[in-house]
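Student: Supplied in structure tokens, the structure appears directly below.
The values are calculated or read from the model by the stated rules, or taken from the named source; none is laboratory data. Since the model is a prediction, treat every value here as computed from it, not as a measurement. Counting neighbours? That spans all protein chains shown, and the Cβs are built from the backbone with ideal geometry, glycine included. Only protein heavy atoms, including side chains, enter the accessible area calculation; ligands, DNA and RNA are left aside. Shrake-Rupley method; radii C 1.70, N 1.55, O 1.52, S 1.80 Å.
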Amino acid sequence: MNSARLHAASELPYVRRTTATTEELLAGAFEALLEAGGLEARDVDGLGVASFTLKPDRCIDMAWRLGLNIRWSLDDGHGGASGVNMLRHAIAAIECGHARHIALLAGDVFGPDDFKELAANYNGTTRQYLAPLGIANPNTLFALLTQRHMRKHGLERADYGALAVGQRNWASANPNAVYRSPLSLEDYLAAPRVADPLCIYDCVPVVAGANAILLSHVSALPAGSPAIRIKAIDCNYNFDDQSGDGLTTGLRAISDRLFANAGVRREELDLVSVYDDYPVMALVQLEDLGIVAPGELRSFLNDRVLAGRCPLNTSGGQLSAGQAGAAGGLHGLTEAALQLLGRAGERQLSKADRALVSGYGMVEYRYGMCANAAILERAQ
């Protein structure tokens with residue numbers, strides 16, 4: 001990973017409703033990416049795309065719409081793990097000389113019936129086994145998982161609310177977030193329930209939007225361009241063959257190796273972006289990564305996250321910024337890149353040299369099958 005550098009990122013403002021198409025949002029993110037990276041469209045010779053609603057089009061169709069002549073292409077369908085997954089493949093392509101400048105795009109536009117259709121037909125297993133039970137979306141599954149997590153760790157709803165409130169505080173400084181208004185713990189506890197114990201603030205709002213990041217060979221970077229080195233990246237898929245209890249992800253088996261390969265200690269991280277479709281899964285990932293020690297979840301949430309002393313999901317995360325379909329898989333990487341490049345605006349951290357980004361998702365029958373993570377470092 002010595003040759004690849006991440007040196008630009010873009011995110012279109014997330015919105016609840018739009019008349020734009022998925023293609024138009026992806027194109028908008030691509031145009032903003034070129035401007036941020038100091039490149040022309042003719043410079044880009046690699047393209048990766050993650051989207052649920054681009055169908056029936058694919059990456060090559062998007063390349064045509066953007067007027068790109070490319071040597072490398074990738075269609076990714078890994079949902080919440082798509083960002084890190086695409087990043088890994090793009091790094092390998094640059095290392096192998098298959099491309100010099102690779103743009104990775106992710107985004108979706110959901111109409112009134114699109115999300116229901118996606119949830120009901122997410123995969124063959126969902127259609128065959130879950131839909132007949134009346135499980136119309138993942139809220140039911142992750143409500144049960146949250147109940148199990150609460151019992152295991154002795155947590156209460158207010159503890160999960162600390163994460164939602166803490167991330168909303170970050171979102172207040174993010175102009176691209178859908179929800180920026182103040183959220184108190186009292187507001188969280190009084191909110192309507194969706195599936196016990198989940199309330200509306202535990203479930204990501206479905207939005208429209210697009211994200212993009214740009215990787216280039218170090219020798220092809222524009223002069224004077226700030227850049228990010230990918231110190232380590234690792235993935236673990238179908239780690240328990242859907243036989244576990246959901247309270248562990250594939251990150252647990254790879255986390256020590258990830259930090260060892262990066263040559264970075266956990267305490268040296270300046271910010272962390274974990275995939276947060278539900279608060280419980282953000283907490284499970286933080287434990288699996290060794291960022292929160294066993295038995296310290298409550299103190300971590302209340303003494304650090306709620307108190308604003310932990311740069312966790314500094315965009316507001318998907319819980320406040322929104323989940324723009326497959327863009328959710330690239331959201332954390334985009335935010336980490338903006339912070340490390342010093343382009344995060346009002347929410348810019350005073351020190352942002354190293355970041356960890358994780359991905360999680362693709363529910364098969366019970367829980368997510370995909371988990372991955374990357375450690376990034378601002379190049380000097």
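Student: Listed residues Ala143, Ala90, Ala99; which is farther than 26 Å from Ala36 by Cα and modelled with pLDDT of 95 or more? Give the steps one after another, and end with the answer.
Tutor: Working: Ala90 fails: farther than 26 Å from Ala36 by Cα; Ala99 fails: farther than 26 Å from Ala36 by Cα.
Criteria check complete, one pass: Ala143.
Student: Just to check your reading of the model, which residue among Leu198, Leu215, Leu221 is crowded, with 18+ Cβ neighbours inside 10 Å, touching a residue at least 60 places away in the same chain (Cβ under 8 Å), more than 18 Å from the chain's Cα centre (by Cα) and within 28 Å of Glu31 (Cα to Cα)?
Tutor: Working: Leu198 fails: within 28 Å of Glu31 (Cα to Cα); Leu215 fails: more than 18 Å from the chain's Cα centre (by Cα).
Residue meeting the stated conditions: Leu221.
Student: Among the candidates Ala191, Ala162, Ala131, Ala173, single out the residue that is open to solvent by less than 70 Å² (accessible area, probe 1.4 Å), more than 20 Å from Gly80 (Cβ to Cβ) and at pLDDT below 95. Give the derivation first.
Tutor: Working: Ala191 fails: at pLDDT below 95; Ala162 fails: at pLDDT below 95; Ala173 fails: at pLDDT below 95.
Going through Ala191, Ala162, Ala131, Ala173 in turn, just one is open to solvent by less than 70 Å² (accessible area, probe 1.4 Å), more than 20 Å from Gly80 (Cβ to Cβ) and at pLDDT below 95: Ala131.
Student: Determine which member of the set Arg257, Arg298, Arg252, Arg304 is at pLDDT 95 or above, part of a helix (DSSP H, G or I), open to solvent by 40 Å² or more (accessible area, probe 1.4 Å) and within 21 Å of Gln348 (Cα to Cα). Spell out how you get there, then give the answer.
Tutor: Working: Arg257 fails: within 21 Å of Gln348 (Cα to Cα); Arg298 fails: within 21 Å of Gln348 (Cα to Cα); Arg252 fails: within 21 Å of Gln348 (Cα to Cα).
Selected residue: Arg304, the only one of Arg257, Arg298, Arg252, Arg304 that is at pLDDT 95 or above, part of a helix (DSSP H, G or I), open to solvent by 40 Å² or more (accessible area, probe 1.4 Å) and within 21 Å of Gln348 (Cα to Cα).
Student: Something else now. Just checking, how many residues over segment 10-51 are open to solvent by 20 Å² or more (accessible area, probe 1.4 Å) and either among the polar types (S, T, N, Q) or at pLDDT below 95 (or both)?
Tutor: Residues that pass the stated criteria total 6.
Student: Let me ask something else about it. State all residues of segment 234-247 that are in contact with a helix residue (DSSP H, G or I) (Cβ under 7 Å, 6 or more places away or on another chain), in a loop (DSSP other than H, G, I, E, B) and either farther than 16 Å from Met362 by Cβ or open to solvent by less than 30 Å² (accessible area, probe 1.4 Å) (or both); if no residue qualifies, say none.
Tutor: Going residue by residue through segment 234-247, those that are in contact with a helix residue (DSSP H, G or I) (Cβ under 7 Å, 6 or more places away or on another chain) are 234-236, 239, 245-247.
The next check asks that each one be in a loop (DSSP other than H, G, I, E, B); those that pass are 239, 245-247.
If the condition is that a residue be in contact with a helix residue (DSSP H, G or I) (Cβ under 7 Å, 6 or more places away or on another chain), in a loop (DSSP other than H, G, I, E, B) and either farther than 16 Å from Met362 by Cβ or open to solvent by less than 30 Å² (accessible area, probe 1.4 Å) (or both), then Asp245, Gly246, Leu247 are the ones that fit.
Student: Just to be sure I understand the filter: pairs with C-beta atoms under 7 Å, separated by 6 or more residues or on different chains, first member in segment 83-102 and within 20 Å of Asn69 (Cβ to Cβ), second member of a type outside the set (Lys, Arg) and part of a loop (DSSP other than H, G, I, E, B). Which pairs pass?
Tutor: Pairs that qualify, where the first residue is within 20 Å of Asn69 (Cβ to Cβ) and the partner is of a type outside the set (Lys, Arg) and part of a loop (DSSP other than H, G, I, E, B), are Ala93/Ala99; Ile94/Ser3; Ala99/Asp45; Arg100/Asp45; His101/Leu39; His101/Val44; His101/Asp45.
Student: If I go through segment 348-370 residue by residue, how many of them are of a type outside the set (A, V, I, L, M) and open to solvent by less than 30 Å² (accessible area, probe 1.4 Å)?
Tutor: The first filter runs over segment 348-370 and keeps only residues of a type outside the set (A, V, I, L, M), leaving 348, 350-351, 353-354, 358-361, 364-368, 370.
In the following step, the residues that additionally are open to solvent by less than 30 Å² (accessible area, probe 1.4 Å) were identified as 358-361, 367-368, 370.
Of the residues in segment 348-370, 7 are of a type outside the set (A, V, I, L, M) and open to solvent by less than 30 Å² (accessible area, probe 1.4 Å).
Student: Please verify whether Ala143 is of a type outside the set (Lys, Arg), touching a strand residue (DSSP E or B) at 6+ places or on another chain (Cβ under 9 Å) and farther than 30 Å from Leu6 by Cα, treating the condition exactly as stated. First the steps, then the outcome.
Tutor: Details: of a type outside the set (Lys, Arg): yes; touching a strand residue (DSSP E or B) at 6+ places or on another chain (Cβ under 9 Å): yes; farther than 30 Å from Leu6 by Cα: yes.
Yes: the conditions hold for Ala143.
Student: Taking the condition of being more than 26 Å from Glu377 (Cβ to Cβ) and either assigned to a helix (DSSP H, G or I) or among the aromatic types (Phe, Trp, Tyr) (or both), how many residues in segment 265-295 meet it? Spell out how you get there, then give the answer.
Tutor: Looking only at segment 265-295, we keep the residues that are more than 26 Å from Glu377 (Cβ to Cβ), and these are 277-280, 294-295.
Retained after the next criterion (residues that are either assigned to a helix (DSSP H, G or I) or among the aromatic types (Phe, Trp, Tyr) (or both)): 278-280.
Residues meeting the conditions: 3.
Student: Ok, one more. Could you tell me whether Arg309 is modelled with pLDDT under 95 and assigned to a loop (DSSP other than H, G, I, E, B)?
Tutor: Working: modelled with pLDDT under 95: yes; assigned to a loop (DSSP other than H, G, I, E, B): yes.
For Arg309, the condition - modelled with pLDDT under 95 and assigned to a loop (DSSP other than H, G, I, E, B) - is met.
Student: Given the conditions (1) surrounded by 19 or more Cβ atoms within 10 Å (Cβ to Cβ); (2) touching a Phe, Trp or Tyr at 6+ places or on another chain (Cβ under 6 Å), report the number of the one that Gly79 does not fulfil.
Tutor: Of everything listed in (1) surrounded by 19 or more Cβ atoms within 10 Å (Cβ to Cβ); (2) touching a Phe, Trp or Tyr at 6+ places or on another chain (Cβ under 6 Å), Gly79 misses just condition (2).
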